[in-house]
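The values are calculated or read from the model by the stated rules, or taken from the named source; none is laboratory data. Everything numeric in this text was worked out from a predicted model, so none of it was measured. Every residue, glycine as well, gets a Cβ built from its backbone with ideal geometry; the counts of neighbours run over all protein chains shown.
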Amino acid sequence: MNHRFDNEYVTANYRYISAYNELNARTSQRQQALTIFISFFVGLLAALIASHSAAGLGNAHIEWILLGFPVASASFAFLNYKYELIIANIRAYLVTLERLNSAHESLPSYNSDPEWTINSDHARRYHDYACAVLILACNSIGLSAFYVLYPERFFQSGWVIIVVILVAIFTAVMHWLLPKISGRKRVI
């Protein structure tokens, strides 16, 4: 067996760089989830409008299109929750590396020093607030378009409207409380 690499190991510096690259990738994916949500919403809204002009009012199964809004909202919320958990895990790993050999006592530690984390944690909350407001706004616009385009079907589709409203509220609250439900202190 070749023992050439017996004393070789990945240094803390390379591990830190790799973890930060992973953190950047996950942060980008969280932003991409926002883009996917908006694209899905615009597509659903376009389908809602197109179905009104293409199909007659009597035979369109518009409720199925309307159910896409809660699907988009739930997918967006669960993707953001997933990325929050992954990012929290990576940040905890970075804290461990920053504290290796008590380096955090002589060097600034962005991930664990409250001087650096408090303001960034506060700023990060605005992303969660924006997502919550966006979910409520998009679902409200979808319901409003349904009401304007199909006023007679709106009141006949109570169960669909209830599903849209409940999922919108649940996912908005989920975003609003994301740091608490992810079971961790915000570090980014």
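Residues that are more than 30 Å from ASN13 (Cα to Cα), buried (at least 18 other Cβ atoms within 10 Å of the Cβ) and touching a Leu at 6+ places or on another chain (Cβ under 8 Å) occur at least once in region 114-131. Does LEU100 satisfy the condition of being free of Cβ contacts under 8 Å to residues at least 40 places away in the same chain and either aliphatic (A, V, I, L, M) or in contact with a His (Cβ under 6 Å, 6 or more places away or on another chain) (or both)? So LEU100 does not fit the description; no. Among the criteria (1) without any contact (Cβ under 8 Å) to a residue 24 or more places away in the chain; (2) under 18 Å from ALA72 (Cβ atoms); (3) of a type in the set (Val, Ile, Thr), the one ILE118 does not fulfil is (2). Taken together, VAL164, VAL133, VAL148, VAL95 contain a single residue that is hydrophobic (A, V, I, L, M, F, W, C) and in contact with a Pro (Cβ under 6 Å, 6 or more places away or on another chain), which is VAL164. Scanning region 89-107 for residues that are modelled with pLDDT of 85 or more, surrounded by 15 or more Cβ atoms within 10 Å (Cβ to Cβ), of a type outside the set (Lys, Arg) and in contact with a helix residue (DSSP H, G or I) (Cβ under 8 Å, 6 or more places away or on another chain) gives ILE90, TYR93, LEU94, LEU97, GLU98. For region 167-188, which residues satisfy the criterion of being assigned to a helix (DSSP H, G or I) and at pLDDT 90 or above? If the condition is that a residue be assigned to a helix (DSSP H, G or I) and at pLDDT 90 or above, then VAL167, ALA168, ILE169, PHE170, THR171, ALA172, VAL173, MET174, HIS175, TRP176 are the ones that fit.
Every residue, every condition in (1) exposed (fewer than 13 other Cβ atoms within 10 Å of the Cβ); (2) under 27 Å from the mean Cα position of the chain (by Cα); (3) at pLDDT 95 or above; (4) assigned to a helix (DSSP H, G or I), yes or no:
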position	(1), (2), (3), (4)
ASN2	yes, no, no, no
PHE5	yes, no, no, no
TYR16	no, yes, no, yes
LEU23	no, yes, no, yes
ARG26	no, yes, no, yes
VAL42	yes, yes, yes, yes
SER51	no, no, no, yes
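Each residue in region 56-108 was checked for being under 30 Å from ALA145 (Cα atoms) and either assigned to a loop (DSSP other than H, G, I, E, B) or within 12 Å of the chain's Cα centre (by Cα) (or both), and 17 pass. The sole residue among VAL148, VAL164, VAL160, VAL133 that is closer than 16 Å to GLU63 by Cβ, in a helix (DSSP H, G or I) and within 22 Å of the chain's Cα centre (by Cα) is VAL164.
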